[in-house]
1. Run down Q392, Q430 and say which single residue is more than 28 Å from G279 (Cα to Cα) and in contact (Cβ under 8 Å) with a residue 12 or more places away in the chain.
2. With (1) away from the ligand (no atom under 11 Å from the Cβ); (2) hydrophobic (A, V, I, L, M, F, W, C); (3) in a helix (DSSP H, G or I) as the list, and I116 as the residue in question, which single condition is left unmet?
3. Answer yes or no as to whether V169 is hydrophobic (A, V, I, L, M, F, W, C) and within 12 Å of the ligand (Cβ to nearest atom).
4. Which of the following residues is more than 26 Å from the chain's Cα centre (by Cα), more than 16 Å from A322 (Cβ to Cβ) and modelled with pLDDT of 95 or more: I116, I129, I139, I73?
5. Go over the candidates E382, E340 one by one and state the one that is charged (D, E, K, R) and at pLDDT 95 or above.
6. Could you tell me which residue of segment 203-228 is least open to solvent (accessible area, probe 1.4 Å), considering only residues that are within 16 Å of the ligand (Cβ to nearest atom) and among the polar types (S, T, N, Q)?
7. Which one is farthest from S288 (Cα to Cα) among residues in segment 119-165 that are of a type in the set (A, V, I, L, M), open to solvent by less than 50 Å² (accessible area, probe 1.4 Å) and away from the ligand (no atom under 13 Å from the Cβ)?
8. Here's a check for you: in segment 99-113, which residue that is crowded, with 20+ Cβ neighbours inside 10 Å and more than 13 Å from H245 (Cβ to Cβ) is nearest to the chain's Cα centre (by Cα)?
Amino acid sequence: MSTLIAKDHAHLWHPCAQMKDYEIFKPLIVTGAKGSYIQLAKGKKIIDAISSWWCKSLGHQHPQLKKKLLQQIEKFEHVILANTTNEVIVNLSEKLANLTSDLKKVMYASDGSCVIEMAMKMSVHARIIEGKTKRKNFIALKNSFHGETIGAMSVSDVGIYKDPYHSLVFKVDFIDVPYCSGIDDPIWENCDEAWESIIKQLEPLSEKATAIIVEPIIQAAGQMRIYSKDFLKKLRNWTKKNDIHLIADEVMTGIGRTGKMLASEHANITPDFLCLGKGLTAGWLPLSALLMTDAIYYLFYDDYENGNNFLHSHTFSGNALAASIALEVLNIMKKDKMPERVLELGKVMFNMFLEIADKTKKLINIRGIGGVVAADLILAHEKQRLGYDIYQKAIRLGALLRPLGNTIYWAPPFNIEIAVLTKLKNITQQAIEM
Ligand SMILES: Cc1ncc(COP(=O)(O)O)c(C=O)c1O
């Protein structure tokens, strides 16, 4: 065993892992990364098929982002954002405020989970200020995932990440979701049939709910499941009618991943709160942002003595290095017409998955939207850990696939070349067939 791996095993607890697994398959030693590739020790290169947990939307070492980061380093790296301001954070906030017609105010955190907590706290706090103190509950979607902190976990519904912590989380009402395979599925446009039963689940909750939180269009950690845009539209109408906030968790979907800048745009809706993370800095540095309506913002805008103060802070809120990159990410997304390119990429990816399914006969439920395509492996028995097996084979063949359980998916950098994608297709097919 190399010294590095021995030291790793002695001291490092890797995220989201059973450490004992590393006895069999050692952690990959990364020595560099460029474009869609991760460079490993001993000269091996693997394709980053999942954009390193869905954040490296513009690939690794993007030269323009590197340039902006270095420019900002020369000025200052981080100064407390309470009581101070600077050009980069103001310009970023202005750009984020231009993403939608209604969300004109921005507050910053670092990780996705923190921004979800912020939205939830702000919704509850807003109700107190409004004197609507009965409105305290949250509604979420079955199979949702919103992060690892206690509030975010409470509104999440994926058992493997939540089950041991039931004594910590609070009660949330989870409603059904009308899934579909993508934009060509009739349910995408019309979910009337499913809505009949969903509305019955919602109605008893209408008077006590402060907010409903959704991952618009695609539930990422929940096996990359895609749902009807009509459902999102209907849900938005229902929240408006019943004075319930809509929190759009676009931590994964935001900034282009689904072929629109925001996945909410598929349904032509704007939420009351919008949460961004991951792709906001194209995976360079941790930065998350909460956008909210003026209506929410001005509830808190008051004389300090009245106590309506949202005294929420994170040390690295609005970190200048991260903000300088985010600003350039937004420029590149626009200049390179990235969402449109993602839609085109998505079509190629979907067809490649169809091909893999046809050749291997081992994939079902192929689904895709923008720069995400996924399918479930056909299992010999329920407990089979086929995804983990395929993960190891794909690494040997040259790709980081990292299936979600037994769901294989790709969410590569938006600028992945077609030749690399073709290579990824061959590797995925071979790894499934082996
Ligand atoms: C939809 C969604 N929300 C929130 C989070 C949490 O973000 P973070 O891991 O940055 O805390 C994730 C992470 O995967 C996510 O997919």
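1. Details: Q392 fails: more than 28 Å from G279 (Cα to Cα).
Sole residue among the options that is more than 28 Å from G279 (Cα to Cα) and in contact (Cβ under 8 Å) with a residue 12 or more places away in the chain: Q430.
2. It fails just one condition, (1).
3. Judged against the criteria, V169 is not a match.
4. Numbers: I116 fails: more than 26 Å from the chain's Cα centre (by Cα); I139 fails: more than 26 Å from the chain's Cα centre (by Cα); I73 fails: more than 16 Å from A322 (Cβ to Cβ).
Result: I129 is the single residue among I116, I129, I139, I73 that is more than 26 Å from the chain's Cα centre (by Cα), more than 16 Å from A322 (Cβ to Cβ) and modelled with pLDDT of 95 or more.
5. Working: E382 fails: at pLDDT 95 or above.
Every option except E340 fails the conditions.
6. To start, the set of residues in segment 203-228 that are within 16 Å of the ligand (Cβ to nearest atom) comprises 211-227.
Next, from what is left, pick out any that are among the polar types (S, T, N, Q): 219, 223.
Values: Q219: 1, Q223: 56 Å².
Step by step, filter segment 203-228, then rank; the result is Q219.
7. I129
8. The initial filter retains those residues of segment 99-113 that are crowded, with 20+ Cβ neighbours inside 10 Å, namely 99, 103, 106-109, 111-113.
Then drop every residue that is not more than 13 Å from H245 (Cβ to Cβ), which leaves 99, 106-109, 111-113.
On the way: L99: 17, V106: 18, M107: 18, Y108: 16, A109: 15, D111: 11, G112: 8, S113: 10 Å.
Looking at residues that are crowded, with 20+ Cβ neighbours inside 10 Å and more than 13 Å from H245 (Cβ to Cβ), I get G112.
The values are calculated or read from the model by the stated rules, or taken from the named source; none is laboratory data. None of the values given here were measured: they were computed from a predicted structure. All Cβ positions, glycine included, derive from the backbone under ideal geometry; neighbour counts span all protein chains shown. To get the accessible areas, we keep the full protein, side chains included, count just its heavy atoms, and leave off ligands, DNA and RNA. Shrake-Rupley method; radii C 1.70, N 1.55, O 1.52, S 1.80 Å.
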